[in-house]
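> Right, I'll just put the structure down here and ask away after.
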Amino acid sequence: MSINLKSYVRDIPGYPKPGIVFKDLTPLWKDPAAFQTMVDQLAGHYQSSRVGTIAAIEARGLILGSAMAFVLKSGLVPVRKAGKLPWNKIKASYSLEYGSATSELHTDAFEPGARVLIVDDLLATGGTAEAAVKLVQELKGKIVGLAFLVELSFLKGRELLKPYGVEIFSLLQYDQP
Ligand code: AMP
């Protein structure tokens, strides 16, 4: 039986501020079959990619990333918001669809040359993912890909990320808000 994952995504117009249509993924995650389908399809794309470490972006990327790491038998490192990581770290700032922020990564997240897959729940303008790419590159990781459950294609995150030459994979695309 195939599952239509889009039917589990709830649109919340005006959250967290006017003009934004927030993609609420909690209805998808609370459904066992939908959750499993999401993880199988995302992880399945990287089955032959020899992923050593998943760099999962806080907060919702950690939900997907940890499940994918389990399936792919890879490690997991968090890319977190400023001030959350307890040890030595590097940082990168970026602008968001709704604001600006700084991401951080522990300096010992992986060894130089490690095969790193970057994971987040959603690609919008691409700023968050770009910051993660910069962090992984600064530590000399080899980026295997960028994986998202949702891609808001109309915000052109793919174009922002193009110069980095990294493969981008998303399960659900939306071409309008
Ligand atoms: P961006 O940096 O613009 O690509 O934004 C991506 C990040 O912001 C992801 O970590 C998402 O969780 C969050 N985000 C941005 N826009 C939305 C949206 N419309 N619905 C849900 N999450 C969003």
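> Enumerate the residues in the stretch 39-78 having an amide nitrogen under 13 Å from the point lying 7 Å beyond the Cα of Trp87 toward its Cβ.
Those under the cut-off are 76-78.
> Between Glu159 and Ser2, take the C-beta separation as r, use R0 = 30 Å, and let me know the FRET efficiency to the nearest 0.05.
So the FRET efficiency works out to roughly 0.45.
> Could I ask something else about it? Given the pairs Lys23/Lys134; Lys30/Lys84; Lys6/Lys91, which span a C-alpha to C-alpha distance of over 31 angstrom in this model?
Over 31 Å apart, Cα to Cα: Lys6/Lys91.
> While we're looking at this one, here's another question. Using DSSP H assignments, which helices in the chain have an axial alpha-carbon span of 15 Å or above and a mean Kyte-Doolittle hydropathy of 0.5 or higher?
Length and hydropathy pass: 60-72.
> If you build a Gaussian network model of the chain, linking Cα atoms that sit under 10 Å apart, which residue out of Val21, Val150, Val133 swings the most?
Fluctuation is largest for Val21.
> What whole-number volume per residue, in cubic angstrom, does the convex hull of the C-alpha atoms of the stretch 48-177 give?
98
> A further question on this structure: First measure r as the distance between the Cβ atoms of Thr26 and Gln47, then evaluate 1/(1 + (r/R0)^6) with R0 = 25 Å and state the FRET efficiency to the nearest 0.05.
Efficiency for this residue pair is about 0.35.
> Sum -39500 (n - 2.57) across every DSSP H segment of at least 4 residues in the chain, then divide by the residue count to get the 222 nm mean residue ellipticity, nearest 500.
-7500 deg cm²/dmol
> Over what distance in Å are the Cα centres of the stretch 56-111 and the stretch 13-50 separated?
Here the answer is 17 Å between Cα centres.
> Near Lys17, which aspartates and glutamates are there with a Cα under 12 Å away, not counting those fewer than 8 places off in the same chain?
Glu97
> Which of these, Ser95, Ser48, Ser66, has the largest mean-square fluctuation under a Gaussian network model of the chain (Cα springs below 10 Å)?
Ser48
Read-outs throughout are calculated quantities, based only on the coordinates presented, and are distinct from any laboratory measurement. Every value quoted in this text rests on a predicted model; they were computed, and no experiment measured them. Cβ coordinates were reconstructed from backbone atoms using ideal geometry, including for glycine residues, and neighbour counts include every protein chain displayed.
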